[in-house]
1. Taking segment A:822-849 only, how many residues are touching a strand residue (DSSP E or B) at 6+ places or on another chain (Cβ under 9 Å), farther than 21 Å from A:Val544 by Cα and aliphatic (A, V, I, L, M)?
2. Would you pick out the residues in segment A:129-161 that are of a type in the set (A, V, I, L, M, F, W, C) and in a helix (DSSP H, G or I)?
3. Return the residues of segment B:351-369 that are within 7 Å of chain A (Cβ to nearest Cβ) and crowded, with 24+ Cβ neighbours inside 10 Å; say none if nothing qualifies.
4. When you scan segment B:317-339, do you find a residue that is within 13 Å of chain A (Cβ to nearest Cβ), open to solvent by less than 20 Å² (accessible area, probe 1.4 Å) and over 17 Å from the mean Cα position of the chain (by Cα), even just one?
5. Just checking, how many residues over segment A:229-252 are open to solvent by less than 10 Å² (accessible area, probe 1.4 Å) and either assigned to a helix (DSSP H, G or I) or touching a Pro at 6+ places or on another chain (Cβ under 6 Å) (or both)?
6. Identify, please: which residue in segment B:76-126 is of a type in the set (D, E, K, R) and over 17 Å from the mean Cα position of the chain (by Cα) and is, among those, modelled with the lowest pLDDT?
7. Please go through segment B:181-195 and give me each residue that is in contact with a strand residue (DSSP E or B) (Cβ under 7 Å, 6 or more places away or on another chain), open to solvent by 20 Å² or more (accessible area, probe 1.4 Å) and at the interface with chain A (Cβ under 9 Å from one of its Cβ atoms), ordered by number.
Amino acid sequence: MDKSQPDNPDTSNPAAAQVTVHIDGEPVKLRQGDNLLEAMLSEKYNLPYFCWHPAMGSIGACRQCAVTQFADQEQQKGKTIMACMTPVSDGMYIGLNHQPAAEFREQVIAAMMTNHPHDCPVCGEGGACHLQDMTVMTGHSMRRYQGQKRTFSNQYLGPLINHEMNRCITCYRCERFYKDYAGGNDFSACGSKNQVYFGRQQDGILESEFSGNLVEVCPTGVFTDKPFSAHYTRKWDLQSAPSVCQGCAVGCNISVGERYGSVRRVVNRYHHDINGYFICDKGRFGFSYVNNDSRIETARGIELSSEFKPHQLAIALARYKSADNFGIGSERASFESNAALKHMVGSENFCSGLTDYQHFCLDIIRSVMSAKQPPSVNEIEQSDCIIVIDEDLTQSAARIALAVRQATRNAAFDKAEQLGIPRWQDAAVRTAGQACRSNLFLLQSKSSKLDDVATYAEPLHPAAIIKLLQGLGNANQPDSISDMPFDNGLASLLQEIKTALQHAKRPLFIAGCSAWQLETLQAVEQLALQAPPHWQFAFLPDAVNTMGLASLIDQHTMSLEQLIAKSLQQSTVIVLEHSLSTLTRAQQYQLAEQSQTLIVIDHNQSLLSELADVVLPSAPFTESDGSSVNYMGLVQPFFAVKPPNSPIHPAWHWCLLLDSTFGRQNLANITTLSQLRAYLAEHDSSFPDMSRLLAEQLLFKSARQPMRYSGRTAMFANQTVHEPKSPQDTESPFSFSMEGAGRTDVQGQALPKAFSWAPGWNSEQSVYKYQTRIGGRMNHRAEAITVARGADKNLAWQQRKSDTANPGVLSFNGLLIRRLSHLFANDALTDDIAEFKLLAPVACLLVNPADEANLAATSATHVTLISDDKTSMTVRLITCDDVARGTAYLHHPLLNLHNAIAQVSDIVQASSDDIARQQQGQSEQLQSILNQKSRALSRLQKRDQQIPIQIVGEGR
Amino acid sequence: MTTDKPLTQHINQDKPLAMPEYIDVGGYRSVDKILQQMSAQDVQDVVKDSGLKGRGGAGFPTAMKWSFVPKFEDTDPRSGDDKYLICNADEMEPGTFKDRWLLEGVPHQLIEAMIIASYAIGANKAFIFLRGEYHLAAKRLQQALDEAYQQGYLGDNIRNSGYQLDLYLHTSAGRYICGEETALINALEGQRANPRAKPPFPQVSGLFGKPTIVNNVETLCNLPHIINHGADWFKQLSNNDDAGTKIYSVSGRVQRPGLWELPMGITVRELLYQRAGGLSPGLNLKGFLPGGASTDFLTVEHLDLVLGYDEVSAAGSRLGTGGIIVLDDQNCPVAMVLNLLKFFAQESCGFCTPCRDGTAWAVDALTRIEQGQGSQQDLDNLHKLCDFMWLGKTHCALAPGAVEPLQSALKYFHDDFEQHIDKGCCPYSGHH
């Protein structure tokens, strides 16, 4: 057998036989073997359901999807069956609107309503509630039950999720998602009869990184979005836009909702290849920096009115004009902003904003991407043997970790298939599969949340991981791998991995960049370049647009070190949405002092923006159109949910505006994003032609506001009955209004959905109306554009490879000290999110008990890390076996602001003063988080009251 | 020597036979017989010929159930997979106490039987899933198990045959639903005791996903005698087409409540009047549940009904466990049904909507009617609920089991319900 030919990983399996099923007398082609519910929904029938979920399959609990099955065309009576539990077979006769089945469906709702409270008016789910929709659909409108309703106490589940158990209809979806799908173990169904309780053993913060999905998985208002509830609006009063999560390099598709100028919530936006039906909590709750006090809302360092003209800006900036102009790009700025900056200052003056070391690592990633097309998240789920290399996926790219968890089930699916159990029979597959799992080798230095499904998860020293990778590369040579000082049994582990790889049809290696470990990445590269064709490789860079930035890097592009080394006395340095946290504090000061002018374009404050001569307020992703490039090299556009308030502009627009003063005047006549894109596509070989993606869509505007945007006429009615004019959007295919081409015509369907809604389907469940089939692609799907994959890349940096040590890690007494990766404390922007600060770990240093002696702090509770510049960090010392011998993991909030780890010169036992100060600081910080949270909330609420007055008063 | 009471001939409720005594009266002879003379298929064939049907309530042919366990060629890697036998001793059906008698009175008989069944299906591990409240049975079974291990009837290489069987006693935490075989399996695995969706049936994917047979205590206890005396002997024990004997029991206000091992297919009249001595003085028969709480009421007109699986079904009820519960004319049928429905609502696992919310709704309506606050709407709701919770619409048979006494009471005792509503009180109050 030719092992080099991977099987078709497409789960949608279009080849499955289509058979004829008669539904209410009409012959319909359905896919054989599907369950009848998903097959009928795929044909856009309205059949109510609760417990079934497109990603989680059937269990047959709610009995809502009942239909009648007849033996033949003649039979009148038939029998009631559950569509979700019935496989489609040829020649079935099904009655959907058959009276007994319809009555039964109504009765199911009636039964649920015996306990469901009549609190829709005060329920956060109201108006987007699947239970409401299904109730209306079944026609249940009259209460027949006269007894009392059961009541429960609710639990405190942390700062992200509200719990209101009285509303529960016991569909078991929450438990199945949280425990079975996402692997959480602090949540379950408790009790029995009509007192089943879904929650934790006791009050406490939900531990799963995917807890936010409960909000969407729950068909009613038991689990609701807590930050959204605190500053609430109905779904029909939200203005929404399709967007892309900025939290990591996966690029999950999201829908952002806004009202009265503040962003209220984020929900999942289905994408077949990437996030499917689920996003992580960073994606759902990690947007609130855009509403924060730390937003930069006015220009600093220049006199500028809010409604300035371009020439006024040029005049204001004239005094900063200098001999040379340099631009520093950013991994989190949009593709267009980076490209605009590069073309403004010229490629010789463009600095990537990355360190030398990051450049070396990115070169490797691009080299592997040229040879191996990175798999999508959906393809990762199809893999039957995964090797994760030195990366805690749950903490750096959580959605990938969720996919890896699903991939480990493939062995169980195979086993169930042998027994004739279809894969949608969720409980039966789990019963048949038991602990049968596909191979997952976690080659990591610290335990992670995937350990429970892993074949191998013992912490290994990074050097041992490299050795294993090298061993895997030597396919033909005998295994001559020797043990490492700290790690034994490497030879047998190597053998085990090799055997697993031999049997695997779709093996996959996943490596990440949170450690930026060059030697590891080199070893993966070597492996990848000589690997059989069916081996897949996925690299996860650490930021949303790292690959977009990487594709703009050419032989002229400078690293941060190269830029700093220059004499900048006569230079203006323009920093694009970057806090330069990879530099030390001293380097940041040095840059500000040395450069003649430091201009920072950013949306939130940072140390750098404080040091800057000029600060220009940019629009975050919620107020600006643009695109980002995910780990696969996929270019994904995102759209502003509201226009920015002047003088805030998208960063790419600032680049256009600065061009006349600091640029090469190439961008002089460009004013819009589409013009910029056209220019870039023409003048930059690394910038793709996006017109295919967007041009046709611009012809037909689609609405950002739903049909029931009731506030439109009511919200200002106490002051004026005249409707304010809605802002114009000339850039995107979306209007800031209810107006737009119909969502159901062909052109309307070509657009991504600003929000998910279909007649009769007000909740997010409505997405199925816009899928080609259940779990399939969206029917709007435009052609995918990828960059950073081509083999024509000039790998200029390869030649400049040096012996530079990784500046992000510290070697101390034989200990390799790295940053602790944590989903809610990974980057500077998470610092601006109160909920995340509450969820972030305490400042700590994790070491293996055997290494405690190396710290000269045996039995200390705290250690102090002293830096060259006499600053210090006091952290709790935690000894645990979770960390490999010879490694240690450091977490301290300072690490998000600058490269504090590189400057550590000594680690000593913390003095009692240090400890007291640290603890004092911690509790003060906690208090300030809570204060800041309530302050921000009351500011937003106050503004809600003022906005109508402002709008009416100023007449705009 | 043969007997017409094979199951109960050696029962001693005060002091069950210890291993040597049990062997002296012919115990474990069947084990030696199958190990020395019969293949697994032979055992299955004899049991098939005997016509033995499951005594747990459904009356499904035992050998046919066994035959669904997949058989693999020796070359198939799955042929070495574990298979399991489970004895369902979670006897919680209201009005049913026959298994308890067998478990406490002659525990070795069950162990002997389980060796036969395990051998027949090729299982090397077997479990007794015992009702948690059966403390005495647990003690006696464990003692018998210890003896059987000591005497080499359990464990490795049983009686030098090369056959190995480990038998474990598991005491339940106490849920009626664990009597449903897949809920039992979930409980045994340490999961919530929710029934599983079928298919797949446990014979294919049961305990820990492996082929599993679950048989009732009384069903299993017939096996040694079928092996010893043959299929024809077993068939001639009965009065009707159902082979063998049946342990019938009677509870309620009769002269002599109790249980008796009788030929399959005796009449209700014989059981109620000859064995149980008829109703207590001053009382008349109003109706009865023929086979435990989850069967339809029958009435005086069914006294000459033959108590066989098909016969009772034809009369609109089920033989069930054979545990008759008598309703006399001084007891309120509404109160009785309410009591039963409270039990079923309490024991619902909470998985599917009709059962979880329907049984509780029925309790609410029945309570109101019994308390004299009921209305015609409550009665309508009860009729609707009977249809709502019927077979095929629920996840398992618990709710349909709850419907059976309710729907038949609504049919046979309709006037009593109406009177409660019309009079605004329970007409029986004061007579209880």
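1. 5
2. Taking segment A:129-161 as the starting set, the residues that turn out to be of a type in the set (A, V, I, L, M, F, W, C) are A:129, A:131, A:134, A:136-137, A:142, A:152, A:157, A:160-161.
Correct list: A:Leu131, A:Met134, A:Val136, A:Met137.
3. Residues satisfying the conditions are B:Phe351, B:Cys352, B:Thr353, B:Pro354, B:Arg356, B:Asp357, B:Gly358, B:Ala360, B:Trp361.
4. no
5. Number of matching residues: 2.
6. Selected residue: B:Arg78.
7. Residue satisfying the conditions is B:Arg192 alone.
One line per residue, one yes/no per condition, for (1) in the same structural domain as A:Ile386 (by TED's automatic domain parsing); (2) of a type outside the set (S, T, N, Q):
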| residue | (1), (2) |
| --- | --- |
| A:Ser445 | yes, no |
| A:Asp451 | yes, yes |
| A:Gly471 | yes, yes |
| A:Ser492 | yes, no |
| A:Phe509 | yes, yes |
| A:Ala523 | yes, yes |
| A:Leu540 | no, yes |
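The values are calculated or read from the model by the stated rules, or taken from the named source; none is laboratory data. Please read these numbers as outputs of a predicted model, since none were measured by experiment. Note that each Cβ is placed from the backbone with ideal geometry, even for glycine, and that neighbours are counted across all protein chains shown. Keep in mind that these areas ignore ligands, DNA and RNA; they rest on the heavy atoms of the full protein, side chains included. Shrake-Rupley method; radii C 1.70, N 1.55, O 1.52, S 1.80 Å.
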